[in-house]
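Written out below as structure tokens is the structure these notes cover.
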Amino acid sequence: MKRLQKATALTFLALVWAGVGCNASAQPEQSKIEPGQSTTAPERSGMQIDPQATDALKRMSQALAKAQALSFETQMVSDRTSPGGQLVQMTRHGKVLVSRPDKVFAEVTGDDGNHALWYDATSLTLLNRSANAYAKIQVPASIDKMLDYLADKYDATIPMSDLLFPDPYAVLTEKVESGVYLGLHELGGRKCHHLLFTQANVDWQIWIDAGEPPVPRKVVIMHKDQPGSPECAVLLDKWNLAAQPPADAFRFTAPKDANEIPMDQLLESRKGGKP
């Protein structure tokens, strides 16, 4: 995918926003993946992934790909380099709502402002609530092509966009060099498959619910190529893989006195940390 030529997979989780949800009510159950068991194998030459890690990641990918409408929430803590060179933590709360094949709503609130995005077929609008300014552009008429377009033209993405593609497994493992299965670990009262993946510039971990549905519950990314090896940790909760979005969920209505500005200008203010 063109998007993956712009950056390493999973670094997108922390770039521009971070991510609606309803409750994931299923209780965790005992792992269905036994040591040494494998139903699939890595497809790319040179990629070495433990069969258990492959199976867990593919089960998650298939569950997300089958959902015609889905929603979730995120809590993210990410390191940012201060003017003095120290790493400081920034926190954000996000929401994501998706209706395939061509509708997305995403919103993030946190230390660096409040932003929301509406994508409805061929129209995408980004709103900076703090500045009461928005930008609207025409984009391709499918979620995956829209994501590629944002990456190619604006070097930007929406919350957790790796999880929204038709095949999350292919996107997540595009640049993976190795992956290991660390065990069945508890997270927030749920048993999760804990996986670790290595890439050239980042190491990332993911916790996948061992029950039903097999959704991701946590992601941690470490940027090895940056000073101080900054990290981003994301908790994912309130999953609903059978969401029923209201008819107006993806329709943007400009707030009173909001200013429309070019998308480049809006994104530049976001990268600069301005309100």
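Identify the single condition in (1) more than 24 Å from residue 91 (Cβ to Cβ); (2) of a type in the set (A, V, I, L, M); (3) under 18 Å from the mean Cα position of the chain (by Cα) that residue 247 does not satisfy, given that it satisfies every other one.
Status for residue 247: all satisfied but (3).
Check whether at least one residue in the range 159-171 is closer than 22 Å to residue 224 by Cα, of a type in the set (D, E, K, R) and at pLDDT below 95, and report yes or no.
Yes: the range 159-171 contains one or more residues that are closer than 22 Å to residue 224 by Cα, of a type in the set (D, E, K, R) and at pLDDT below 95.
Please give the number of the condition residue 174 fails out of (1) more than 22 Å from residue 57 (Cα to Cα); (2) within 16 Å of the chain's Cα centre (by Cα); (3) assigned to a loop (DSSP other than H, G, I, E, B); (4) not hydrophobic (A, V, I, L, M, F, W, C).
(1)
If you take the residues in the range 115-160 that are in a strand (DSSP E or B) and of a type in the set (Phe, Trp, Tyr), which one is nearest to residue 171 (Cα to Cα)?
Ranking the qualifying residues of the range 115-160, first place goes to 119.
Looking at (1) open to solvent by 40 Å² or more (accessible area, probe 1.4 Å); (2) assigned to a strand (DSSP E or B); (3) more than 22 Å from residue 163 (Cα to Cα), which is the one condition that is false for residue 90?
Going through the list (1) open to solvent by 40 Å² or more (accessible area, probe 1.4 Å); (2) assigned to a strand (DSSP E or B); (3) more than 22 Å from residue 163 (Cα to Cα), residue 90 breaks only (1).
Looking at 231, 212, 260, can you tell me which residue is under 19 Å from residue 108 (Cβ atoms) and open to solvent by 30 Å² or more (accessible area, probe 1.4 Å)?
231 is the lone residue from the list that is under 19 Å from residue 108 (Cβ atoms) and open to solvent by 30 Å² or more (accessible area, probe 1.4 Å).
Quick one: residue 169 ticks every box in (1) more than 30 Å from residue 268 (Cβ to Cβ); (2) assigned to a strand (DSSP E or B) bar one, so which box is it?
(2)
Please pick out the residue among 268, 186 that is in a strand (DSSP E or B) and open to solvent by 80 Å² or more (accessible area, probe 1.4 Å).
186
Inside the range 134-172, can you point out the residues that are under 18 Å from residue 253 (Cβ atoms) and open to solvent by 10 Å² or more (accessible area, probe 1.4 Å)?
Answer for the range 134-172, where residues must be under 18 Å from residue 253 (Cβ atoms) and open to solvent by 10 Å² or more (accessible area, probe 1.4 Å): 134, 136, 137.
Report, by residue number, each residue of the range 189-202 that is under 16 Å from residue 49 (Cα atoms) and either hydroxyl-bearing (Ser, Thr, Tyr) or open to solvent by 40 Å² or more (accessible area, probe 1.4 Å) (or both).
196, 198, 200
Looking only at residues that are open to solvent by less than 30 Å² (accessible area, probe 1.4 Å), modelled with pLDDT under 95 and not hydrophobic (A, V, I, L, M, F, W, C) in the range 104-122, which one is nearest to residue 249 (Cα to Cα)?
Per the stated criteria, the residue is 115.
Inside the range 247-265, can you point out the residues that are among the acidic types (Asp, Glu) and either closer than 19 Å to residue 70 by Cα or in a loop (DSSP other than H, G, I, E, B) (or both)?
Of everything in the range 247-265, those that are among the acidic types (Asp, Glu) and either closer than 19 Å to residue 70 by Cα or in a loop (DSSP other than H, G, I, E, B) (or both) turn out to be 248, 257.
The values are calculated or read from the model by the stated rules, or taken from the named source; none is laboratory data. Only a predicted model underlies this, so the values are computations on that prediction, with no experimental measurement involved. Cβ atoms come from the backbone with ideal geometry, glycine included; neighbour counts cover every protein chain shown. With ligands, DNA and RNA removed, areas are computed over all heavy atoms of the protein, side chains included. Shrake-Rupley method; radii C 1.70, N 1.55, O 1.52, S 1.80 Å.
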